[in-house]
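Participant: Encoded as structure tokens, here's the structure I'll be asking about.
The values are calculated or read from the model by the stated rules, or taken from the named source; none is laboratory data. Note that the structure is predicted; figures quoted are calculated from it, not measured. Neighbour counts are summed over all protein chains in view; Cβ atoms, including those assigned to glycine, are modelled from backbone coordinates with ideal geometry. The protein model used for the area step is the full one, side chains on, heavy atoms only, and it has no ligands, DNA or RNA in it. Shrake-Rupley method; radii C 1.70, N 1.55, O 1.52, S 1.80 Å.
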Amino acid sequence: MFSIESLPDDVVDAAVRADWQRLIDADLPSAGRHPSESNRPHVTLAVRDDLPEAAMRELARVGSVLPVEVRLGGAVVFAAGERFVLARPVVMTAALLRLHADIVDLVGPPPARYAVTAKDRWTPHMTLARRMTAEQVGRALGIVGASTIEGELTGLRLWDAEAKVVTPLR
């Protein structure tokens with residue numbers, strides 16, 4: 001599985017990591033509990049089982065539109081089976097929609113299992129925690145709060161989940 005991800009500037013990165021740490025300090029699930037060097041705040045643009053070689057070569061060109069402004073909202077909760085994902089929603093802009101559409105046009109439409117990355121179903125966000133219970137979500141919402149975070153998306157990377165390898169694209 002491959003994931004194409006946009007990376008935030010240092011301001012947004014630090015603010016999201018601070019959210020991760022506040023969740024850890026409250027003994028709640030947090031994306032910050034994953035010590036992998038590849039674990040960092042990001043916005044997933046596309047997920048595919050494989051990528052055509054031609055697309056791989058073109059991803060850096062598509063990423064040349066970066067940086068784009070980004071604003072993260074207070075919090076959003078996604079159902080994930082019996083548990084929940086807590087994230088900060090990314091406010092949609094024309095520039096972000098163009099970046100996403102260009103990536104999807106390049107790599108092709110997603111298979112059904114990755115439909116949430118399709119042009120008409122994409123919900124950009126930065127994950128704060130996964131596998132939360134409803135009670136944990138309630139506590140976490142009070143910790144994360146409703147403040148917004150503003151900055152830019154400045155980088156683009158390719159995550160190869162099978163090989164556990166990150167390839168910077170921009």
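Participant: Answer with yes or no whether Ser3 is of a type in the set (S, T, N, Q), buried (at least 16 other Cβ atoms within 10 Å of the Cβ) and either touching a strand residue (DSSP E or B) at 6+ places or on another chain (Cβ under 6 Å) or modelled with pLDDT of 95 or more (or both).
Facilitator: It is true that Ser3 is of a type in the set (S, T, N, Q), buried (at least 16 other Cβ atoms within 10 Å of the Cβ) and either touching a strand residue (DSSP E or B) at 6+ places or on another chain (Cβ under 6 Å) or modelled with pLDDT of 95 or more (or both).
Participant: If Glu53 passes every condition in (1) over 30 Å from Gly142 (Cβ atoms); (2) of a type in the set (Asp, Glu); (3) surrounded by 19 or more Cβ atoms within 10 Å (Cβ to Cβ) but one, which one does it miss?
Facilitator: For Glu53, the failing item is (3).
Participant: Now, a different point. Restricting attention to segment 133-144, report how many residues are closer than 16 Å to Gly74 by Cα and either among the β-branched types (Val, Ile, Thr) or open to solvent by 30 Å² or more (accessible area, probe 1.4 Å) (or both).
Facilitator: Initial filter on segment 133-144 (closer than 16 Å to Gly74 by Cα): 137-144.
Keeping just the survivors that are either among the β-branched types (Val, Ile, Thr) or open to solvent by 30 Å² or more (accessible area, probe 1.4 Å) (or both) gives 137-139, 141-144.
Residues meeting the conditions: 7.
Participant: Restrict the check to segment 67-86 and report whether at least one residue is open to solvent by 20 Å² or more (accessible area, probe 1.4 Å), over 29 Å from Met132 (Cβ atoms) and not charged (D, E, K, R).
Facilitator: yes
Participant: Right, next: Considering only segment 147-170, state which residues are charged (D, E, K, R), in contact with an Asp or Glu (Cβ under 8 Å, 6 or more places away or on another chain) and open to solvent by 40 Å² or more (accessible area, probe 1.4 Å). Outline the logic, then answer.
Facilitator: Quick first cut of segment 147-170, residues charged (D, E, K, R) only: 150, 152, 157, 160, 162, 164, 170.
Filter once more, keeping what is in contact with an Asp or Glu (Cβ under 8 Å, 6 or more places away or on another chain): 150, 152, 157.
Passing the criteria: Glu150, Glu152.
Participant: Of the numbered conditions (1) out of contact with any strand residue (DSSP E or B) (no Cβ under 6 Å at 6 or more places or on another chain); (2) surrounded by fewer than 17 Cβ atoms within 10 Å (Cβ to Cβ), Ser38 satisfies every one except a single condition; which is it?
Facilitator: Going through the list (1) out of contact with any strand residue (DSSP E or B) (no Cβ under 6 Å at 6 or more places or on another chain); (2) surrounded by fewer than 17 Cβ atoms within 10 Å (Cβ to Cβ), Ser38 breaks only (1).
Participant: Something else now. What pairs come up if the first residue lies in segment 86-110 and is within 30 Å of Leu28 (Cβ to Cβ), the second is open to solvent by 20 Å² or more (accessible area, probe 1.4 Å) and assigned to a helix (DSSP H, G or I), and their beta carbons are under 7 Å apart, counting only those six or more places apart or on different chains?
Facilitator: none
Participant: State all residues of segment 148-170 that are free of Cβ contacts under 8 Å to residues at least 12 places away in the same chain and in a loop (DSSP other than H, G, I, E, B); if no residue qualifies, say none.
Facilitator: Ala163
Participant: Which numbered condition in (1) of a type in the set (A, V, I, L, M); (2) without any contact (Cβ under 8 Å) to a residue 24 or more places away in the chain; (3) open to solvent by 70 Å² or more (accessible area, probe 1.4 Å) is the only one that Val11 fails?
Facilitator: If we test Val11 against (1) of a type in the set (A, V, I, L, M); (2) without any contact (Cβ under 8 Å) to a residue 24 or more places away in the chain; (3) open to solvent by 70 Å² or more (accessible area, probe 1.4 Å), just (2) comes out false.
Participant: Within segment 103-127, work out how many residues are more than 12 Å from the chain's Cα centre (by Cα) and either surrounded by 17 or more Cβ atoms within 10 Å (Cβ to Cβ) or among the small types (Gly, Ala, Ser) (or both).
Facilitator: Counting residues in segment 103-127 that are more than 12 Å from the chain's Cα centre (by Cα) and either surrounded by 17 or more Cβ atoms within 10 Å (Cβ to Cβ) or among the small types (Gly, Ala, Ser) (or both) gives 10.
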